[in-house]
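The values are calculated or read from the model by the stated rules, or taken from the named source; none is laboratory data. A quick note: this is a predicted structure, and the numbers were derived from the prediction, not measured. So basically every Cβ, Gly included, is an ideal-geometry build from the backbone, and we count neighbours across all protein chains shown. We work out accessible area using only protein heavy atoms, side chains counted, and drop any ligands, DNA or RNA first. Shrake-Rupley method; radii C 1.70, N 1.55, O 1.52, S 1.80 Å.
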Amino acid sequence: AAYGENTERIHVMDLHDGHELWTTNASTNIITALAFSPDGKTLASAGGFGEKDIRLWDVPTGREIGRLEGHTSFVSSLVFWPDGKKLKLASGSGDQTIRIWDVASRTCLDTLRGHRLEVYRVALLPDGKTLVRGCKDGTVCVWDTSEMHPRQDYITLPETVTFCFEPDSQSILTVGKSGVTR
């Protein structure tokens, strides 16, 4: 078992005899999430409201073996896929996204966007593909992780503008501060 105190430390215990296997500083802030891989060999941890990386730990030794980098705010929840075929992890974050990770290659496979506030919790249903998230505003959303969720293309306008859609829904009319229309 693993637990984080209201400090930056993780403690890993042997439940058979109750002895602590190891403890380590895992954050500069409090520990916000912990998850064991299905085989029990890897522990993922997220720390505090000032950190955005997920740390990976070798459970037998307590040695840090890598980090997952990509969130732009704190990570609040972690869950591994239980099948063990490919070590995959989902992380919910204060940056209003859920990321799906390939732990072995340390790469982000998919980013689930569209949440209005911080993602507080993620859970994987027994089907191994349906991810449920709970958000700060109390909403619950269900994602099918068997398909990719590509980032929608968007256009950045060069200045603050007023805009409206044309009746054909294919064009946008913009008026900039200087009165120029496009």
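Going through (1) touching a residue at least 40 places away in the same chain (Cβ under 8 Å); (2) surrounded by fewer than 16 Cβ atoms within 10 Å (Cβ to Cβ) one by one, Met13 falls short only on (1).
Of the residues in the stretch 128-135, at least one is under 20 Å from Thr42 (Cβ atoms) and touching a residue at least 24 places away in the same chain (Cβ under 8 Å). Residues that are at positive phi and either in a loop (DSSP other than H, G, I, E, B) or open to solvent by 10 Å² or more (accessible area, probe 1.4 Å) (or both) are absent from the stretch 24-32 altogether.
Residues in the stretch 1-10 that are of a type in the set (A, V, I, L, M, F, W, C) and under 21 Å from Leu68 (Cα atoms) were compared, and the one that is least open to solvent (accessible area, probe 1.4 Å) is Ile10. Taking residues in the stretch 68-88 that are without any contact (Cβ under 8 Å) to a residue 12 or more places away in the chain and open to solvent by 40 Å² or more (accessible area, probe 1.4 Å), and partners anywhere that are in a loop (DSSP other than H, G, I, E, B) and of a type in the set (D, E, K, R), not one pair has Cβ atoms closer than 7 Å while being at least 6 places apart or on different chains.
Which one is farthest from Gly94 (Cα to Cα), of the residues in the stretch 47-61 that are modelled with pLDDT under 90 and open to solvent by 40 Å² or more (accessible area, probe 1.4 Å)? Ranking the candidates gives Gly50 first. Look at Ile31 and say whether it is touching a strand residue (DSSP E or B) at 6+ places or on another chain (Cβ under 9 Å) and over 18 Å from Asp110 (Cβ atoms). Against the criterion (touching a strand residue (DSSP E or B) at 6+ places or on another chain (Cβ under 9 Å) and over 18 Å from Asp110 (Cβ atoms)), Ile31 qualifies. Only residues that are open to solvent by less than 40 Å² (accessible area, probe 1.4 Å) and either aliphatic (A, V, I, L, M) or not in a strand (DSSP E or B) (or both) were counted across the stretch 104-117, and they come to 2.
Apart from one condition, Gly48 fits all of (1) touching a residue at least 40 places away in the same chain (Cβ under 8 Å); (2) touching a His at 6+ places or on another chain (Cβ under 6 Å); (3) not aliphatic (A, V, I, L, M); the exception is (2). Scanning the stretch 33-46 for residues that are open to solvent by less than 40 Å² (accessible area, probe 1.4 Å), in contact with a Phe, Trp or Tyr (Cβ under 7 Å, 6 or more places away or on another chain) and either at pLDDT below 90 or outside any strand (DSSP E or B) (or both) turns up just one, Ser37. Restricting attention to the stretch 62-85, does a residue exist that is in contact with a His (Cβ under 6 Å, 6 or more places away or on another chain), farther than 22 Å from Glu8 by Cβ and modelled with pLDDT under 90? No - not one qualifying residue is present in the stretch 62-85.
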